[in-house]
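Some notes on the structure that comes next.
A short reminder: the numbers here are calculations on the coordinates, not readings from a lab. Since the structure is predicted, the reported quantities are computational estimates derived from the model, not experimental observations. Ideal geometry is used to build each Cβ from the backbone, glycine not excepted, and the neighbour counts take in all protein chains shown.
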Amino acid sequence: MAHVSFENIDKIYPGGTQAIFDFNLAIADGERVALVGPSGCGKSTLLRLLAGLEVATRGVLSINGQTVNRLSPQQRNVAMVFQDYALYPHMTVRRNLEFPLKMRGLSRAEIERQVHWVTGLLSLSDLLDRLPRQLSGGQRQRVAMGRALVRQPAVFLMDEPLSNLDARLRLQIRSEISELLERTGATTLYVTHDQAEAMTLGQRVAVLDQGRLRQTAPPQELYERPANTFVAGFIGNPPMNLLPARLIVTSEDRLRLRLGEQSLPLTLSASTAALWRQWLETPLSAGIRPEHLRMATEKDEGLRAMVQDAEYLGHETLLYLRIDGLAPPAPVVIMRLPGIRIFHKGDMLRLFLSPAHLHLFDAAGLALDHGITGHDARY
Ligand code: ADP
């Protein structure tokens, strides 16, 4: 396998559309990176650049330290699995697996050895004599992966391989693919628009927005420490609530968070308080995840909110709330509660917002404490 690097890559298509802006990413040998972002953000373009189906306008693309910008797809030894599987319908699974090796002119013995290896790796031995139409969606996906892996590519590329499947099958195959990729140890770039898929399949996740890389981090870090409002609003389902806010100090010099006409005390570590005080009275966005909101108790200073709607999902209830005194067009705030909890439209609640789970972003959308080791407030 191999390591891959994108350095300062720009891609401008003929006609002038710039799809990629100064993209940098290094993928380690055997690493699985999921590239995620909304439709049109440039994911396929990056994959096609790496596969050799497009040429970068600027920058250096390398595989194992070798610059590959000008190499043909064949010379790069990169294998790609698309969403439509692209198996030959009239060939058995065995012949589908053999085909790419025959095309390369390998000896019969070598072909058998490679097919035997991939058959064992992906548990395909029971399927070898079947035609693609005699396979389930999941099995077909496995054979498509086998056909891509059989020639032991340096890099394995997957382009939305699950997007044609129904939701239930997608979940099942997602966990199957995750396990298979783990077993193959292949250097993989996995492209998807589905953040849950990216979070479960990538050891690291690269978030792309309008051709720009917004953050690259392991799933947990991306979730716990989004670097900007784009990532905060994209990762998580439902995503992080983002509200217009300001930091203020009381006459006793205590730091508080102001949300419209209400404000809340912030009990913070000295270092976080010192950092956040630099942003006093500046327009900010306050971010809080739906699962980090809870009902205030008697002793808490709570945030008054009104129930707009409730969704009962069985294992949890999602409450859609309006914060009292937050001027329109203030966004609806989503709160996640375990189990079924019955609420009515118009019910008034008091919310508790733990400073330990509060994220603050500046007017440009950048996290105030990005680049330092998380804010260490604990409540
Ligand atoms: P994604 O895979 O994230 O949906 P793409 O990489 O397909 O995004 O597209 C990124 C941008 O580049 C889009 O604005 C798209 O319209 C544009 N684009 C993609 N392919 C071409 C092309 N061959 N010619 C011109 N523009 C293109």
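What to note about this one:
- R0 of 41 Å, Cβ-Cβ distance Glu221-Asp126: FRET efficiency to nearest 0.05: 0.55
- For the pair Glu316 and Gln134, a Förster radius of 56 Å applied to the C-beta separation gives a FRET efficiency near 0.90, rounded to the nearest 0.05.
- Taken over the stretch 53-154, the convex hull of the Cα atoms encloses 118 Å³ per residue.
- Neighbour counting of Cβ atoms within 10 Å sorts the residues Lys43, Lys11, fewest neighbours leading, into Lys11, Lys43.
- In plain terms, the residue of Ser251, Ser125 with the fewest other Cβ atoms within 10 Å comes first and the most crowded comes last, giving Ser251, Ser125.
- Percent of beta bridges antiparallel (DSSP, the stretch 238-361, rounded to nearest 5): 95 percent
- Positive minus negative residues near Glu7 (Lys, Arg vs Asp, Glu; Cβ under 12 Å): -1
- Stretched out straight at 0.36 nm per residue, the stretch from Ile12 to Val55 would grow longer than its current Cα-Cα span by 14.5 nm.
- For the chain, the Kirkwood hydrodynamic radius comes to 23.5 Å, computed from all pairs of different C-alpha atoms.
- Between Arg183 and Arg113, the FRET efficiency estimated from the beta carbon spacing at R0 = 22 angstrom works out to 0.75.
- Scaled to the globular estimate 2.2 N^0.38 Å, the Cα spread of the stretch 238-361, given as radius of gyration, is 1.07.
- Residues of type aspartates and glutamates that Lys43 reaches as a straight line, Cα spacing below 19 Å, ignoring anything fewer than 8 places off in the same chain: Glu7, Asp10, Asp22, Glu31, Glu54, Asp84, Asp159, Glu160, Asp194, Glu197, Asp209
- Considering only the chain, percent of DSSP beta bridges that pair antiparallel, nearest 5: 75 percent
- Three-way shape label, the stretch 167-255, alpha-carbon gyration tensor, a/c 1.5: prolate
- Exposure proxy ranking for Ser136, Ser5, Ser354, based on other Cβ atoms within 10 angstrom of each Cβ and starting from the fewest, stands as Ser136, Ser354, Ser5.
- Summing charges over all other residues whose Cβ lies under 12 Å from the Cβ of Leu124, with Lys and Arg as +1 and Asp and Glu as -1, gives +3.
- Dipole moment magnitude, nearest 20 debye, the chain about Cα centre, only Lys, Arg, Asp, Glu C-beta charged: 1000 debye
- Cut-off 12 Å between beta-carbons: net charge of the residues surrounding Ser39, Lys and Arg +1, Asp and Glu -1: -2
- Based on C-alpha pairs under 8 angstrom that are at least 6 apart in sequence, the chain has a relative contact order of 15 percent.
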